[in-house]
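The values are calculated or read from the model by the stated rules, or taken from the named source; none is laboratory data. Keep in mind that what you see is a predicted model, and the values were worked out from it rather than measured. Cβ: placed from backbone, ideal geometry, glycine included. Neighbour counts: every protein chain shown.
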Amino acid sequence: MAELAEPTQRIDVRQIPPPQRHPLIFSAFDGLAPGAALELVNDHDPVPLYFQFDRQRSGRFRWDYLDAGPELWRVRITQLGGGQAGEASTTGSSCCGSCSCR
């Protein structure tokens with residue numbers, strides 16, 4: 001199994017308003033160099049975010065749970081490359097439609 005990158009940035013979204021969470025996470029991810037990772041901290045399983053990553057950044061990320069609840073979730077999201085750093089999604093809004101950010 002490949003060695004996991006140490007996160008270069010930690011994003012704790014528990015105190016961030018829901019409409020700001022996904023744009024912040026995608027912006028941070030898009031700024032990562034290939035092989036770099038960020039750590040996401042949340043109060044619920046961010047599986048809707050995983051599916052959004054899969055739709056909008058398919059093949060460009062690795063998703064590893066570090067803690068999986070029930071009160072705290074930590075996920076390491078690694079940039080695999082395959083796109084330009086800072087490249088915006090062309091699939092629409094940064095909202096996954098599965099959370100309460102609307």
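Assorted remarks:
- Selection from region 23-57 of residues that are within 14 Å of residue 73 (Cα to Cα) and in contact with a helix residue (DSSP H, G or I) (Cβ under 7 Å, 6 or more places away or on another chain): 38, 40, 49
- In a residue-by-residue description of region 7-19, the property of being out of contact with any Pro (no Cβ under 7 Å at 6 or more places or on another chain), within 13 Å of residue 74 (Cβ to Cβ), surrounded by 14 or more Cβ atoms within 10 Å (Cβ to Cβ) and touching a residue at least 60 places away in the same chain (Cβ under 8 Å) applies to at least one position.
- Pairing residues of region 30-53 that are farther than 19 Å from residue 17 by Cα with residues that are assigned to a helix (DSSP H, G or I), at Cβ distances under 9 Å and at least 6 apart in sequence or on separate chains, gives 38/25; 38/28; 38/29; 53/25; 53/26; 53/29.
- Residues in region 37-52 that are out of contact with any Pro (no Cβ under 8 Å at 6 or more places or on another chain) and either under 20 Å from residue 6 (Cβ atoms) or surrounded by 20 or more Cβ atoms within 10 Å (Cβ to Cβ) (or both): 41, 42, 46, 49, 52.
- Any hit, region 80-98, residues being modelled with pLDDT of 95 or more and part of a strand (DSSP E or B): no
- Residues in region 63-76 that are free of Cβ contacts under 8 Å to residues at least 40 places away in the same chain and among the charged types (D, E, K, R) were compared, and the one that is surrounded by the most Cβ atoms within 10 Å (Cβ to Cβ) is 74.
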